[in-house]
Amino acid sequence: MRLTARGVVLLVVSVLLLAAAEWAGYPLFRVLGAVGLAAVAAAVAVTARGLRVGVTREVYPERVERGRPALAKLTVRNLAGRRQRGFDARDKAGVAVQTVRVRSLAQDAEATYRYELPTGRRGRLPVGPLTLHRVDPFGLARNRLSAGETAELWVHPRRHPARALTGGYPRHHHEGSTIDSLRGSLDIRDVREYQPGDEVRHLHWKATARTGRMMVRDYADPQQPRFTLLLDTRRSSFTPEVFEEAVDVAASLLHASAMAGHHTRLVGSGGLDLATAGGPLGSRLLLDELCQLGQDTGEALVTRELASARDQGGCLMAVTTGRLDGLTALRPRYSSLFLVDLAAPEPIIVPGVRVINAADAAHAVRKWNEVTG
């Protein structure tokens, strides 16, 4: 418990009034000072009694597209053996603070409150800690208690309706070992420990019995469509506003490819490299990665891993603006190569590359749908 600024001022003024009354002999000052001290003492007595409540907070959905609504559900239960006065519950969501006025609760009573969380910015938004504030009616004293757990809200990039490319097959069957992490079909590549999301039908029972751990066969299917998206994360290429549009383009196309069941890979010019076998789990992994992706101070558009990989194929999509360093050298390795050019001063023409000039993400995805339709 502690006095508020108002309570401290009233306490000081009351003491000064009593001192002035003793020095000058004014009865009115003595009465005013005594009333002020009584008010401060009453505020302390009201707020000093601790809060005995059980508090839980749920965030739903845990992952949401930027700009879409997300809610927090706050449940408060009275654990004291008596009725409790109302108090304020303040929940921190990023830099914003949500205040909920909890009404008076009878013995063993429970109340539920819902409030919106900010989803205007992409990123991992920490929700909490939750603090409970009890203040006297005159705002002279406050009792604060931390309660509840910290949660996380994943604000994914905005996705526009996009089509998956119907082609995107690799040029040749792979020879020898591969270095990608794709799995799910014809040729066995390795036997490894089971991970959540793996197919149960791929369990390797002999290896499981030998090691005492669940082991699965790791497959690679070189004939399944593949979609690779190269996102330019160089700070010199995009302003922060245009970079958000570029991330929205990447999220739209990667989600469409993954949900179509294609092997989908996200490569960032700063070194990010995430390959998935598609499906809802693959889409979530890609969107989670984009959720946290920021710009960097790199200089090269094409990463060393992308330039030297031997198992490339399918479709390559680059999302950049104007600067194509090293991109045309990759053209022979892919069956098709696309370029989304965001907000470039003038349309560019690159031999062997289909260029999509667009002012923003929605425009780029619409033109992509026209090309793939």
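The values are calculated or read from the model by the stated rules, or taken from the named source; none is laboratory data. Owing to the predicted nature of the structure, the values given are computational and were not obtained by experimental measurement. When we count neighbours, we look across all protein chains shown, and the Cβ atoms used for this are built from the backbone with ideal geometry, even at glycine. Accessible surface areas use protein heavy atoms only, side chains included; no ligands, DNA or RNA. Shrake-Rupley method; radii C 1.70, N 1.55, O 1.52, S 1.80 Å.
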Between the stretch 95-122 and the stretch 1-80, how far is it from one alpha carbon centroid to the other, in angstrom? 20
For the stretch 44-111, using Cα atoms only, the Rg and Dmax in Å read 14.7, 47
Dipole in debye (nearest 20) - the stretch 224-305, about Cα centre, beta carbon charges: Lys, Arg +1; Asp, Glu -1: 320
Please state, as a whole number in µm²/s, the translational diffusion coefficient that the Stokes-Einstein equation yields for the stretch 231-373 at 37 °C and 0.692 mPa s, with Rh defined as the Kirkwood radius across alpha carbon pairs. 216
Quick one: order 276, 150 from most to least accessible surface, probe 1.4 Å. 150, 276
Between 49, 331, 201, which gets the highest mean-square fluctuation from a Gaussian network model of the chain, Cα cutoff 10 Å? 201
Using the beta-carbon distance between residue 199 and residue 149 and R0 = 35 Å, what value does 1/(1 + (r/R0)^6) give for FRET efficiency, to the nearest 0.05? 0.55
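Of 56, 4, which has the most accessible area with a 1.4 Å probe, and how do the rest follow in descending order? Each step should come with its number before you reach the end.
Working: 56 80, 4 15 Å².
My answer, sorted largest first, is 56, 4.
How do the peptides 247-253, 79-85 rank, highest first, by the average count of neighbouring beta carbon atoms within 10 Å per residue?
Sorting 247-253, 79-85 by mean packing, highest first, produces 247-253, 79-85.
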Between residue 37 and residue 307, how many nm apart are label points set 7 Å from Cα along the C-beta direction? 8.1
Output the direction-averaged projected area (hull surface divided by four) of the convex hull of the alpha-carbon atoms of the stretch 1-93, in nm². 9.3
State the percentage of accessible surface on the chain attributable to carbon and sulfur atoms; use a 1.4 Å probe and exclude ligands, DNA and RNA. 54
Could you size up the charge dipole of the stretch 13-68 around its Cα centre, putting +1 on the beta carbon of Lys and Arg and -1 on that of Asp and Glu, and report it in debye to the nearest 20? 260
Per residue of the stretch 40-53, what does 6.51 cos²θ - 1.76 cosθ + 1.60 with θ = phi - 60° give for ³J(HN,Hα)? Whole Hz please, x for Gly and Pro, Karplus curve as stated. 5, 5, 5, 5, 5, 5, 5, 8, 5, 5, x, 8, 10, 9
Suppose only helical runs count, i.e. DSSP H with n ≥ 4. What mean residue ellipticity at 222 nm does that imply for the chain under -39500 (n - 2.57) per run, divided by all residues and rounded to the nearest 500 deg cm²/dmol? -8500 deg cm²/dmol
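Please state the equivalent ellipsoid semi-axes for the chain: what are the square roots of 5 times the Cα gyration tensor eigenvalues, largest first, in whole Å?
Values: eigenvalues 731, 149, 52 Å².
Largest first, the chain gives 60, 27, 16 Å.
Tell me the per residue accessible area of the stretch 1-120 using a 1.4 Å probe; a whole number in Å² is fine. Working shown, then result.
Numbers: 7040 Å² over 120 residues.
Spelled out: the 1.4 Å probe surface of the stretch 1-120, per residue, equals 59 Å².
Rounded to the nearest 0.05, what FRET efficiency is calculated for residue 56 and residue 281 with R0 set to 35 Å and r the Cβ-Cβ distance? Don't skip to the end; give the middle numbers.
On the way: r = 28 Å, r/R0 = 0.81.
Efficiency at R0 = 35 Å is approximately 0.80.
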Rank 195, 274, 23 by how far each Cα sits towards the positive end of the charge dipole of the chain (+1 on Lys, Arg Cβ; -1 on Asp, Glu Cβ) and give me just the farthest. 23
Find which of 247, 42, 118 sits farthest along the positive direction of the dipole of the chain, computed with +1 on the beta-carbon of Lys and Arg, -1 on that of Asp and Glu, about the Cα centre. 42
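Compute the length gained on full extension between residue 19 and residue 92: take 0.36 nm times their separation in residues and subtract their Cα-Cα distance, giving the result in nm to one decimal. All intermediate terms of the calculation are to be shown ahead of the outcome.
On the way: separation 73, 0.36 × 73 = 26.28 nm, distance 4.35 nm.
Using 0.36 nm per residue and subtracting the Cα-Cα distance, I get 21.9 nm.
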Label-point separation (nm) for residue 259 and residue 115, each offset 7 Å from Cα along Cα-to-Cβ? 3.3
Alpha-carbon Rg with Dmax, taken over the stretch 57-148, Å: 14.7, 44
Note, ³J(HN,Hα) from phi for the stretch 361-373, Karplus 6.51, -1.76, 1.60, rounded to Hz, x at Gly and Pro: 5, 4, 5, 5, 5, 4, 5, 4, 4, 5, 5, 7, x
From the residues 294, 262, 214, which one has its Cα farthest along the dipole of the chain in the positive direction, the dipole being from +1 and -1 charges on Cβ of Lys/Arg and Asp/Glu about the Cα centre? 214
Heavy atoms of the protein only, probe of 1.4 Å, neighbouring chains included. What is the accessible area of residue 13 in Å², nearest 10? 70
Expressed in nanometres to one decimal, the distance between label points 7 Å along Cα→Cβ at residue 366 and residue 99 is 4.4
For residue 160, what residues show an amide H to amide H distance below 5 Å, using hydrogens built from the backbone and excluding near sequence neighbours? 252
Scalar couplings 3J(HN,Hα) for the stretch 125-139 by Karplus 6.51 cos²θ - 1.76 cosθ + 1.60 (θ = phi - 60°), nearest whole Hz, x for Gly and Pro, are 9, x, 10, x, x, 8, 10, 9, 10, 10, 10, 5, x, 9, x
Ignoring ligands, DNA and RNA, how do 192, 163 rank by accessible area with a 1.4 Å probe, largest first? 163, 192
What's the Kirkwood radius of the stretch 99-145 in Å, using all Cα pairs? 13.9
Give me D for the stretch 8-51 in µm² s⁻¹, whole number, from Stokes-Einstein with Rh from the Kirkwood sum over alpha-carbon pairs, 37 °C and 0.692 mPa s. 304
